[in-house]
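Note sheet for the following structure.
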Amino acid sequence: MTSKEYLIDLLKENEVFLEGDFTLSSGKKSNYYINMKKAITEPEILSTISKLITQKIVDEDIDKVAGPALGAVPIATAVSLESKLPLLMIRKEKKGYGTSKLIEGELNEGDNVIVVEDVSTTGGSLLKAINAIKENGGNVKRAFVVVDREEGAIEEFTKANIVLEPLISVSEFFN
């Protein structure tokens, strides 16, 4: 069974946590950065993340696994492969050509979906993806994030009546 401690060790070995002056996607300034793009290009980290999430949903009635573009798509893909659940990719916005879809993959009315994300600060981008799934007939059953920065995302999800489940909270990394 894969453990949270093993994932923390892998992230440390791969220098995923950086210190310095950074601007986050939320616009906030931070003295550290979690470089999950580097992490999700490492097969062992991706495999570990997918096993941890799959262990949490194995006995549940889940139809699809979804991830917002770009950072969560490799994670959602890995979970899809590990769990044998079909994949949904959620775009940030509809493309202006081709099928003009916001959701790639087949989302059926009433599908039970889990959503995954790489890092959460405020949770805004993940909540947008969840709303897109709901607006298109899906039921979001659980939301997972690899690393929660502990800067309000869990509280925002609570307000939306959704439980955000971090695999790791940033304070656990620094312990």
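The values are calculated or read from the model by the stated rules, or taken from the named source; none is laboratory data. From a predicted model like this one, the values you see are computed outputs, not experimental measurements. Backbone-built Cβ (ideal geometry, glycine too); neighbour counts: all protein chains shown. To get the accessible areas, we keep the full protein, side chains included, count just its heavy atoms, and leave off ligands, DNA and RNA. Shrake-Rupley method; radii C 1.70, N 1.55, O 1.52, S 1.80 Å.
For residues that are at pLDDT below 95 and among the polar types (S, T, N, Q), scanning just region 87-123, find the one that is surrounded by the most Cβ atoms within 10 Å (Cβ to Cβ).
Within region 87-123, the match that is surrounded by the most Cβ atoms within 10 Å (Cβ to Cβ) is SER120.
Condition first: open to solvent by less than 10 Å² (accessible area, probe 1.4 Å) and in contact with a Ser or Thr (Cβ under 9 Å, 6 or more places away or on another chain). Now tell me which residues in region 26-48 satisfy that.
THR48
Just to be sure, is VAL58 β-branched (Val, Ile, Thr) and open to solvent by less than 30 Å² (accessible area, probe 1.4 Å)?
Values: β-branched (Val, Ile, Thr): yes; open to solvent by less than 30 Å² (accessible area, probe 1.4 Å): no.
It is false that VAL58 is β-branched (Val, Ile, Thr) and open to solvent by less than 30 Å² (accessible area, probe 1.4 Å).
Being among the β-branched types (Val, Ile, Thr) and more than 24 Å from LYS28 (Cβ to Cβ) narrows it down to one of VAL113, VAL73, VAL119, so name that one.
Numbers: VAL73 fails: more than 24 Å from LYS28 (Cβ to Cβ); VAL119 fails: more than 24 Å from LYS28 (Cβ to Cβ).
Result: VAL113 is the single residue among VAL113, VAL73, VAL119 that is among the β-branched types (Val, Ile, Thr) and more than 24 Å from LYS28 (Cβ to Cβ).
Tell me whether region 37-58 contains one or more residues that are closer than 21 Å to ASN112 by Cβ, outside any helix (DSSP H, G or I), over 15 Å from the mean Cα position of the chain (by Cα) and in contact (Cβ under 8 Å) with a residue 12 or more places away in the chain.
Yes.
Given the criterion hydroxyl-bearing (Ser, Thr, Tyr) and out of contact with any Asp or Glu (no Cβ under 7 Å at 6 or more places or on another chain), identify the matching residue among SER50, SER26. Explain how you work it out, then say what you get.
Details: SER50 fails: out of contact with any Asp or Glu (no Cβ under 7 Å at 6 or more places or on another chain).
Within the list SER50, SER26, the selection yields SER26.
Identify, from the list VAL116, VAL58, the residue that is out of contact with any His (no Cβ under 9 Å at 6 or more places or on another chain) and more than 23 Å from ARG149 (Cα to Cα). Quick ask: steps written out before the conclusion?
Working: VAL116 fails: more than 23 Å from ARG149 (Cα to Cα).
Of the residues listed, the single one that is out of contact with any His (no Cβ under 9 Å at 6 or more places or on another chain) and more than 23 Å from ARG149 (Cα to Cα) is VAL58.
All but one of (1) open to solvent by less than 10 Å² (accessible area, probe 1.4 Å); (2) assigned to a strand (DSSP E or B); (3) closer than 18 Å to SER169 by Cα hold for ARG142; which doesn't?
Of the numbered conditions (1) open to solvent by less than 10 Å² (accessible area, probe 1.4 Å); (2) assigned to a strand (DSSP E or B); (3) closer than 18 Å to SER169 by Cα, the odd one out for ARG142 is (1).
Please enumerate the residues belonging to region 119-139 that are touching a residue at least 60 places away in the same chain (Cβ under 8 Å) and assigned to a helix (DSSP H, G or I). Full working, then the answer.
Going residue by residue through region 119-139, those that are touching a residue at least 60 places away in the same chain (Cβ under 8 Å) are 119, 121-122, 124-125, 128-129, 133, 138.
The answer is GLY124, SER125, LYS128, ALA129, ILE133.
When only residues in region 61-75 that are in contact with an Asp or Glu (Cβ under 9 Å, 6 or more places away or on another chain) and not in a loop (DSSP other than H, G, I, E, B) count, which is most open to solvent (accessible area, probe 1.4 Å)?
In this case the residue turns out to be PRO74.
Considering each residue of region 1-25, count those that are over 24 Å from VAL58 (Cβ atoms) and open to solvent by 70 Å² or more (accessible area, probe 1.4 Å), and give that number.
Restricting attention to region 1-25, the residues satisfying the condition of being over 24 Å from VAL58 (Cβ atoms) are 12-25.
Okay, now just the ones that are also open to solvent by 70 Å² or more (accessible area, probe 1.4 Å), so 12-13, 15, 19, 21, 23, 25.
Of the residues in region 1-25, 7 are over 24 Å from VAL58 (Cβ atoms) and open to solvent by 70 Å² or more (accessible area, probe 1.4 Å).
Filter region 13-28 for residues that are outside any loop (DSSP other than H, G, I, E, B) and more than 19 Å from the chain's Cα centre (by Cα) and give the result. Reasoning before the result, please.
Applying the first criterion (outside any loop (DSSP other than H, G, I, E, B)) to region 13-28 yields 13, 17-23.
If the condition is that a residue be outside any loop (DSSP other than H, G, I, E, B) and more than 19 Å from the chain's Cα centre (by Cα), then GLU13, LEU18, GLU19, GLY20, ASP21, PHE22, THR23 are the ones that fit.
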